[in-house]
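All remarks here apply to the structure that follows.
Read-outs: derived from the displayed coordinates by stated rules, not from any lab. This structure is a prediction, so every number in the text was calculated from the model and none was measured. All Cβ positions, glycine included, derive from the backbone under ideal geometry; neighbour counts span all protein chains shown.
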Amino acid sequence: MTTLTVAMHGVTGRMGTNQHYIRSILAIMRQGGVKTSDGRTIDVKPILLGRDEAKLKHLAETVAMEEIGRKVDWSTDVDNAISAPNVDIVFDSSSTQMRASMVRKAAKLGKAIYCEKPIAIDPAEAMSLAETCESAGICNGVVQDKLWLPGVRKLRALRDQGFFGDILSVRGEFGYWVFTGHDPDQPPQRPSWNYRSEDGGGMMTDMFCHWEYLIDDLFGPIDRVLAHAAIDLPERIDECGKPYDCTADDSAYAIFITKSGITCQFNSSWTTRVRRDDLLTIQVDGTKGSAVAGLRECYVQDMDSTPRPTWNPDVPQPIDFYSGWTQIPDETDYDNAFKIQWELFLRHVAGDGEFPWSLRNGAAGVALANAGETSSCEQRWVSCSNTC
Ligand SMILES: NC(=O)C1=CN([C@@H]2O[C@H](COP(=O)(O)OP(=O)(O)OC[C@H]3O[C@@H](n4cnc5c(N)ncnc54)[C@H](OP(=O)(O)O)[C@@H]3O)[C@@H](O)[C@H]2O)C=CC1
Ligand SMILES: O=C1CO[C@H](CO)[C@@H](O)[C@@H]1O
């Protein structure tokens, strides 16, 4: 048995509480830890850190009792807690702008560091964090959860089977309507900082780091980007019920061309109403077949099932375009994407396996967001060769 103590900072936030604490760490504890390939069991011991005693106590006591039948440790003395000799891993899912200081503190203490994306706003800062971790010789990793979404895993399997033939183009549609809060019956579903650039918000900062690793993993590294971002809604209502000016882009439209020449077009918007299969859909078109993946499902159409439309707007559309697609069956029980990546990181820290999703990879995501911003501001293609 190996025990790893994980200090969790930002655990009181939306991602920290739901994805990382409840659906990953407590779920791992409930299942009895993580098995390594050499037959050991990794036992996880969390310490919940933050500034709000009431929230921490609720998570460490009430929530932990409900989920695993016992309480876990918590503290508001963050610096002291992470310095404790028994802490092996420092995890950070606090607001993006707090990330750098937590990563630097953890690296100085020689602790392994795992953190949410983006690892920074500024690409130079992101690269410096990666280098700090590398110089300190510590295990380090960044959350790249979309890689383990069931829909994405199905796309990857299709690519590996050669289903697509030559991949021609990719179209990602991401987003949904995030309520502004002006209607008291429809509170906003996302924290207000997301819509303030001074607080680390913005669609490109938020989502291009996901598109970077997703495109890289599925279709190869990105060569260049052409992007346009917009602040569609100028005012939203914050958590205190007060109106604020939106200073960050809430929609972004981008074309990424991979080094192998695949055109990947991604629309990302918090101001769109969904009429598609899921909140994220990725369509891949190839010479032999196409697929459309959502978060969990994936539909395919091969050449034999490809309809032969002709253009005639004077008659009702005779083809039901949805009927020519076949749903790919589940091949396994798909576990939570964040939990899968946590298990891989815990195993890596315990000396069992590589963990390629490092802060250096996280820095590539920040670089792509920055390239997108440059493209949007200067209305031109931006090369990613030196940045991504
Ligand atoms: N991988 C993914 O799919 C996603 C990743 N993210 C990333 O996760 C991070 C957190 O996002 P999210 O959970 O939505 O944000 P939240 O606003 O819900 O959570 C923010 C967290 O940071 C803490 N925090 C904020 N300001 C301070 C401060 N001044 N001092 C101390 N603690 C502070 C909050 O503590 P308190 O509770 O005390 O306020 C809270 O724990 C972001 O970097 C975001 O980009 C976000 C969404 C999805
Ligand atoms: O940062 C993010 C913004 O929200 C998305 C979902 O709503 C997340 O998937 C993403 O990681």
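Within a straight-line Cα-Cα reach of under 23 Å, Lys105 can be paired with the following lysines, leaving aside sequence neighbours fewer than 8 residues apart in one chain: Lys45, Lys117. For the chain, the relative contact order is 20 percent, taking Cα pairs closer than 8 Å that sit 6 or more residues apart in sequence and dividing their mean separation by the residue count. Principal axis extents of the Cα atoms in segment 249-322, from largest to smallest and rounded to whole angstrom, are 40, 32, 26. Note that the chain, at 37 °C in a medium of 0.692 mPa s, gets a Stokes-Einstein diffusion coefficient of 147 µm²/s from its Kirkwood radius over C-alpha pairs. Amide H contacts under 5 Å for Asp232: Asp250, Ser251, restricted to partners 5 or more places along the chain or on a different chain, H placed in the peptide plane at 1.01 Å from N.
What order, most packed first, do the peptides 320-327, 70-77, 372-379 have when packing is the mean number of other Cβ atoms within 10 Å of each residue? Show your work: numbers first, answer last.
Working: 320-327: 10.9, 70-77: 15.4, 372-379: 17.8.
Those peptides, ordered most packed to least, come out 372-379, 70-77, 320-327.
Taking a ≥ b ≥ c as the square roots of the eigenvalues of the Cα gyration tensor, segment 1-160 is classed as rounded, since a/c falls below 1.5.
So how do 245-254, 78-87 stack up, highest first, on mean other-Cβ count within 10 Å? Don't skip to the answer; put the middle values down first.
Numbers: 245-254: 20.7, 78-87: 14.4.
Going by the mean number of other Cβ atoms within 10 Å, highest first, we get 245-254, 78-87.
Around Met127, under 13 Å between beta carbons, what's the net of Lys plus Arg minus Asp minus Glu among the other residues?
Working: positive: Arg360; negative: Asp122, Glu125, Glu131, Glu134.
After counting each charged neighbour, the total is -3.
Annotation: peptides 115-128, 160-173, 300-313, 259-272, ranked by per-residue average of other Cβ atoms within 10 Å with the highest first, follow the order 115-128, 259-272, 160-173, 300-313.
Tyr244 sits among other residues whose Cβ lies under 14 Å from its own Cβ, and their net charge, with Lys and Arg +1 and Asp and Glu -1, is -3.
Shape class for segment 97-222: oblate, because the ratio a/c of the largest to smallest gyration tensor axis (alpha-carbon atoms, square roots of eigenvalues) is 1.5 or more and b/c is at least a/b. For segment 165-218, the ratio of Cα radius of gyration to the globular rule of thumb 2.2 N^0.38 Å stands at 1.55.
Taking each of Lys154/Lys339; Lys35/Lys339; Lys108/Lys146; Lys259/Lys288; Lys71/Lys339; Lys35/Lys71 in turn, the alpha-carbon distance tops 25 angstrom for Lys108/Lys146. For segment 88-140, a simple Cβ point-charge model (Lys and Arg +1, Asp and Glu -1, everything else neutral) yields a dipole of about 160 debye relative to the Cα centre. Over segment 231-388, one equal point on each Cα, no solvent: what is log10 I(q)/I(0) by the Debye formula at q = 0.13, 0.16, 0.17 Å⁻¹? So the normalised log intensities are -1.06, -1.31, -1.33. Kirkwood hydrodynamic radius computed over segment 160-292 comes to 16.0 Å, based on all pairs of distinct alpha carbons.
About the Cα centre of the chain, what is the dipole size in debye to 20, counting +1 per Lys and Arg Cβ and -1 per Asp and Glu Cβ, all else neutral?
Numbers: 39 positive and 54 negative charges, 125 e Å.
Charge dipole of the chain: 600 debye, to the nearest 20.
For segment 304-388, trypsin sites (Lys or Arg not before Pro) are listed when DSSP marks them as loop and at most 13 other Cβ atoms sit within 10 Å of their Cβ; the list is Arg380.
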